[in-house]
Amino acid sequence: MAEPTSTLTVHHLNASSSERIPWLCEELNIPYNLKIYPRDAVTRLATPEFKALHPAGSAPVINDLIASSNSPNDEPQKITLAESGACVQYLCTKYASPSLSDIFPSPSHPSYATFLYWFHFSNATFQAALMRSFSLQISGIDLQTSKMGQLATTRVHRGLAMLEAQLQGDFEDQWIVGRNLFTGADIMIVFSLTTFRYWFPYSLAGYPNIVGYLGRIGKREAYQRAMGKADPGLEPALGAEAPGGLLNL
């Protein structure tokens, strides 16, 4: 049977936050075209080909076709969208079937405020803290002895403590927003807890709720399919101990 055609193209940079997007597409069960971009073998950064996709030069990037605003008879318009949160919200609100509408809860949903907070927490608070620590480390600043490093480390562990508390309860249906409520907030947070640890290794020892949560994520068929397609050579970092650093490869 032929694969269904799609107007949606996901541009994925290896070992990057753009893994969120094919995973979301798999969860939504929507067709998409996946284009994979390897990193520069020396710098480990995105290549000029990937950076040319969007002025931001960062992952993720998606393309889609939308109806013309001028006339329904006109050719569809191609849109290019970046930023993980924007891509996740766009795909959820445009493509989620009614049975999957809770993946991006509406304002009338009783958990809407909780969802909204954790959806934005991922990049605005937690990933920002990780990037601050990572940037200091690769600049040669000791995270344990310098004041800047200590502050950055404190913020990372504060974020982990918040996640640990939010994930209380060893339930198979426990997700970030609540029980039996898998949402875009889960799509957003997992990269920071898994693949980013290849870049900035940190341990999750002492955070059993997070480790249990990642174990549940690893059992999701959509996550398995997405990671197998997007980064087939990369073992998902779902355990307590951090994997080896990609910068050392």
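The values are calculated or read from the model by the stated rules, or taken from the named source; none is laboratory data. Here the structure is a predicted model, which means the values were calculated and not measured. We place every Cβ from the backbone using ideal geometry, glycine too, and count neighbours over all the protein chains shown. Calculation scope for accessible area: heavy atoms of the full protein, side chains included, ligands and nucleic acids excluded. Shrake-Rupley method; radii C 1.70, N 1.55, O 1.52, S 1.80 Å.
The relative contact order of the stretch 110-249, computed from alpha carbon pairs under 8 Å that lie at least 6 residues apart in sequence, is 24 percent.
Quick one: compute a quarter of the convex hull surface over the Cα atoms of the stretch 33-164 and quote it in nm². Mean orientational projected area (the stretch 33-164, Cα hull): 12.3 nm².
If the chain linking LYS94 and ALA165 were pulled fully straight, counting 0.36 nm for each residue of separation and taking away their Cα-Cα distance, it would gain 22.3 nm.
Of the solvent-accessible surface of the stretch 148-211, computed with a 1.4 Å probe and all protein chains present, 55% belongs to carbon and sulfur. Relative contact order of the stretch 46-186: 18 percent, from C-alpha pairs under 8 Å at least 6 residues apart in sequence. Rolling a 1.4 Å probe over the protein heavy atoms of the stretch 1-113, with every protein chain left in place, gives an accessible area that is 55 percent carbon and sulfur.
Each part reduced to its alpha carbon centroid, the stretch 1-60 and the stretch 109-160 end up 25 Å apart. Between LYS35 and ALA124, the contour length at 0.36 nm per residue exceeds the alpha carbon distance by 29.3 nm. Would you mind classifying the stretch 70-124 by shape? Square roots of the alpha carbon gyration tensor eigenvalues, ordered a ≥ b ≥ c; an a/c under 1.5 is rounded, otherwise it is prolate if a/b is larger than b/c and oblate if not. Oblate, since a/c reaches 1.5 and b/c is not below a/b.
Neighbours of PRO60 by Cβ distance under 12 Å: Lys/Arg scored +1, Asp/Glu scored -1, total 0. Rolling a 1.4 Å probe over the heavy atoms of the protein chains gives the chain an accessible area of 50 Å² per residue.
Take the Cβ-Cβ distance between GLU75 and ARG179 as r, set R0 to 51 Å, and report the resulting FRET efficiency rounded to the nearest 0.05. For GLU75 and ARG179, the calculated efficiency is 0.65.
If the chain linking ALA67 and THR7 were pulled fully straight, counting 0.36 nm for each residue of separation and taking away their Cα-Cα distance, it would gain 20.5 nm.
The simple Förster model, with R0 at 22 Å and r as the Cβ-Cβ distance, assigns ALA113 and ARG220 a FRET efficiency of 0.30.
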